[in-house]
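Where a number appears in this text, it was derived from the coordinates with a stated rule and is not lab data. Since we're looking at a predicted model, the values are computed, not measured.
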Amino acid sequence: MIIVNVKDNESVDRALKRFKKKFERTGVLKELRSRTFFEKPSVSKRKQKERAKYKQQLFANDNY
């Protein structure tokens, strides 16, 4: 459960923004979307490898 304490003289918009940030960090929405349909383990592993390869290429290009 996410708790956001509203401080004195703090606007509701600011508190809502902090709540949204905390909610996003928990990863609940991301997990919910991933569970909407079944994905075979081999497909998920392949996607993970592709993401890792892409990230490595980004960092390799960034260093030069």
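Quick notes on this one:
- Estimated [θ] at 222 nm from DSSP helical runs (n ≥ 4, -39500 (n - 2.57)) normalised by residues in the chain, nearest 500: -23000 deg cm²/dmol
- For q = 0.14, 0.24, 0.28 Å⁻¹, Debye-computed log10 I/I(0) when each Cα of the chain counts as one equal scatterer: -0.71, -0.99, -1.11
- Rounded to 10°, Cα long-axis angle of helix 12-26 versus longest principal axis of the chain: 30
- Difference of contour (0.36 nm per residue) and Cα-Cα distance, V4 to K45: 11.1 nm
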